[in-house]
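Step one of this worksheet: look at the structure below.
Computed from the coordinates by the stated procedures, all read-outs in this text should not be read as laboratory data. It should be emphasised that the depicted structure is a prediction, and the values quoted were computed from it without experimental measurement. Quick reminder, even Gly has a Cβ in these numbers, built from the backbone with ideal geometry, and neighbours come from all protein chains shown.
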């Protein structure tokens with residue numbers, strides 16, 4: 001059986017038997033890249049100097065569900081939208097919209113996000129263009145900044161994440177894309193794997209003891225028939 005299918009079935013089985021009753025999860029926080037971005041890339045691109053080109057701010061993106069582009073790299077919803085609906089939560093807004101109501105969570109994911117901080121790729125001339133500062137550590141920083149507002153909205157910091165579901169989407173694929181695009185050999189790319197994995201795993205060693213529900217989900221899937229993969 002295809003490994004991607006096996007992992008998908010395993011992920012769905014995790015939710016089997018868990019009621020959609022709001023008593024289970026009252027908020028959802030998501031981190032990741034383009035697969036679950038709901039608009040942060042568009043916001044960051046517009047703020048960049050010079051502005052970064054955006055292609056998914058026009059139809060057909062968003063046409064099948066919302067009827068208009070939303071910043072999602074999809075013609076409709078993304079996986080975290082379905083998870084939110086399953087637990088009776090509203091569809092999350094992009095965290096960079098700075099919504100005044102964060103009591104139900106926030107989506108920190110940004111298209112093109114990396115596991116390793118972007119200055120590593122710029123400093124080592126692995127990319128020929130300016131990257132958006134959207135790595136995993138940056139998104140975690142946004143989460144820390146949001147924590148006081150969230151805890152105030154949920155009546156205090158003691159256990160304020162106790163009913164929060166954390167969904168961590170794909171990280172790493174953009175790191176490997178940059179390495180392949182820089183002309184690295186397979187052996188050279190493989191040598192970066194421990195570094196990339198460490199950057200993905202390290203932040204959760206401490207955070208996982210502070211929250212009741214954490215899902216480290218959605219590893220790197222097959223990317224079609226692209227030769228490097």
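With the contact rule set at Cα under 8 Å and sequence spacing of 6 or more, what percent relative contact order holds for the stretch 27-216? Working shown, then result.
Working: 307 pairs, mean separation 49.7, N = 190.
RCO, the stretch 27-216: 26 percent.
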* Asked: Any idea how far apart residue 97 and residue 130 come out in nm if each label point goes 7 Å out from Cα toward Cβ?
  -> 2.7
* Packing rank of 167-175, 42-50, where each peptide gets the mean count of other beta carbons within 10 Å, highest leading -> 167-175, 42-50
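Could you give the Stokes-Einstein D for the stretch 27-216 in µm² per second, using the C-alpha Kirkwood radius, 25 °C, 0.890 mPa s?
141
Based on the mean of other beta carbon atoms within 10 Å per residue, what is the order of 188-201, 110-123, 127-140, most packed first? Could you put the intermediate results ahead of the total?
Working: 188-201: 14.0, 110-123: 20.7, 127-140: 17.6.
Per-residue mean Cβ counts within 10 Å order the peptides as 110-123, 127-140, 188-201.
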